[in-house]
Amino acid sequence: MEALFDADFGAREPRRLAPGAYHLPGWLEPRQQRWIVERYREWSQGPVPPRGARVAGHEMSVKTVCLGWHWQPYRYTREASDVNGARVLPFPDWLVRAGRLALAETAFEADSYTPDAALVNYYDGSARMGMHQDKDEKSTAPVVSFSIGDACTFRFGNTEHRNKPYEDILLASGDLFVFGGPARLAFHGVTRMHPGTAPAGCGLPKGRINITLRETGLDA
Ligand code: SIN
Ligand code: MN
């Protein structure tokens, strides 16, 4: 709770938290957010439904549906062998373009960025995600993250371990977060949701959608 009184918690100015880590609040317009929520509703129809991945015997509270490649602890496959065996939906071209536009806001090379996997996560009011690294990708390209709906407290830490130093920031509807370069393997997680904070017009009345784009570095 003490983070609530940090000067930067809830800041709505574009900011570089650390070398390679960028927060751009409200980067997606409401119109774009609504459109993405519509796509989310389509993706949720399958062929692979959203599911809580099992990590160390526990089902994650976050429900994930994947595009391009299916993520399961701790690898990428084309078929969701831990769900129903179906092949995941293709990675849409517009999401590649969105990723490039996002990176163009940062110091990273944007034109060659070609994400081929997206993890689309749904958080209900009590969901959270423990501190972890995104390290199942062979590519070292940045991760691009879009958030829609209720705000959450996002914890962004260091590359050594899941403990301090870390910084808590509010990720709200429309926010863009990018981590790459020296921040690519930083530990991060979602410590809590803030139910009831989704703005009218974002397209999602409750809960939170987070989409992370990754380059897997795997062969087609
Ligand atoms: C993730 O680490 O995969 C998701 C982070 C988020 O929900 O903001
Ligand atoms: Mn992650």
- Please work out which one of (1) under 20 Å from A11 (Cβ atoms); (2) open to solvent by 60 Å² or more (accessible area, probe 1.4 Å); (3) under 13 Å from the mean Cα position of the chain (by Cα) is the condition L176 fails and give its number. (2)
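Okay, residues lined up against (1) part of a strand (DSSP E or B); (2) within 15 Å of the chain's Cα centre (by Cα); (3) charged (D, E, K, R); (4) modelled with pLDDT under 95:
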| site | (1), (2), (3), (4) |
| --- | --- |
| D134 | no, yes, yes, no |
| N158 | no, no, no, no |
| R162 | no, no, yes, no |
| P182 | no, no, no, no |
| A200 | no, no, no, no |
- Query: From the list V88, V178, which residue is within 16 Å of ligand 2 (Cβ to nearest atom), touching a strand residue (DSSP E or B) at 6+ places or on another chain (Cβ under 6 Å) and at pLDDT 95 or above?
  - Reply: V178
- Note on the structure: The condition from (1) within 15 Å of ligand 2 (Cβ to nearest atom); (2) open to solvent by less than 10 Å² (accessible area, probe 1.4 Å); (3) under 18 Å from S173 (Cα atoms) that A117 misses is numbered (3)
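Filtering the stretch 136-145 down to residues that are away from ligand 1 (no atom under 13 Å from the Cβ) and crowded, with 17+ Cβ neighbours inside 10 Å, which residue is nearest to the chain's Cα centre (by Cα)? Give the steps one after another, and end with the answer.
Filtering the stretch 136-145 for residues away from ligand 1 (no atom under 13 Å from the Cβ) gives 138-142.
Next, from what is left, pick out any that are crowded, with 17+ Cβ neighbours inside 10 Å: 141-142.
Working: A141: 15, P142: 12 Å.
Ranking the candidates gives P142 first.
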- Task: May I ask you to say which residue of F156, F187, F177 is under 23 Å from L95 (Cα atoms), hydrophobic (A, V, I, L, M, F, W, C) and within 15 Å of ligand 1 (Cβ to nearest atom)?
- Result: F177
- Any residue in the stretch 135-150 that's of a type in the set (D, E, K, R): show its pairings with residues that are within 11 Å of ligand 1 (Cβ to nearest atom) and outside any loop (DSSP other than H, G, I, E, B) at Cβ separation under 6 Å, as long as the two are six or more apart or on different chains. E137/R214; D150/M193; D150/R208
- Task: Could you please find all residues in the stretch 146-167 being open to solvent by 20 Å² or more (accessible area, probe 1.4 Å) and either charged (D, E, K, R) or touching a Lys or Arg at 6+ places or on another chain (Cβ under 6 Å) (or both)?
- Result: R155, E160, R162, K164, Y166, E167
- Subset of the stretch 86-106 [touching a residue at least 60 places away in the same chain (Cβ under 8 Å) and part of a loop (DSSP other than H, G, I, E, B)]: E105, T106
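For the stretch 91-99, state whether one or more residues are of a type in the set (F, W, Y) and within 15 Å of ligand 2 (Cβ to nearest atom). Break it down into steps so the answer makes sense when it comes.
Within the stretch 91-99, the subset of a type in the set (F, W, Y) is 91, 94.
Still in the list and also within 15 Å of ligand 2 (Cβ to nearest atom): none.
Looking for residues that are of a type in the set (F, W, Y) and within 15 Å of ligand 2 (Cβ to nearest atom), one finds none in the stretch 91-99, hence no.
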- Checking G203, G217 in turn, the sole residue that is surrounded by fewer than 21 Cβ atoms within 10 Å (Cβ to Cβ), on the phi > 0 side of the Ramachandran plot and not hydrophobic (A, V, I, L, M, F, W, C) turns out to be G217
- Please work out if E109 is within 23 Å of T159 (Cβ to Cβ), away from ligand 2 (no atom under 16 Å from the Cβ) and open to solvent by 60 Å² or more (accessible area, probe 1.4 Å). yes
- Item | Positions within the stretch 120-149 being within 14 Å of V190 (Cα to Cα) and within 12 Å of ligand 2 (Cβ to nearest atom), in sequence order | N121, M129, G130, M131, H132, Q133, D134, S145
- Message: So for the stretch 112-120 (the condition being more than 10 Å from ligand 1 (Cβ to nearest atom), over 14 Å from the mean Cα position of the chain (by Cα), farther than 29 Å from R31 by Cβ and β-branched (V, I, T)), does at least one residue qualify?
- Response: no
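So, A104, is that one touching a helix residue (DSSP H, G or I) at 6+ places or on another chain (Cβ under 8 Å), at pLDDT 95 or above and of a type in the set (A, V, I, L, M) or not?
Answer is no for this residue.
The values are calculated or read from the model by the stated rules, or taken from the named source; none is laboratory data. What you are looking at is a predicted structure, and each value in this text was computed from that prediction instead of being measured. Using ideal geometry, Cβ is built from the backbone for each residue, glycine included, and neighbour counts are taken over all protein chains shown. These accessible areas exclude ligands, DNA and RNA; they are computed on the full protein's heavy atoms, side chains included. Shrake-Rupley method; radii C 1.70, N 1.55, O 1.52, S 1.80 Å.
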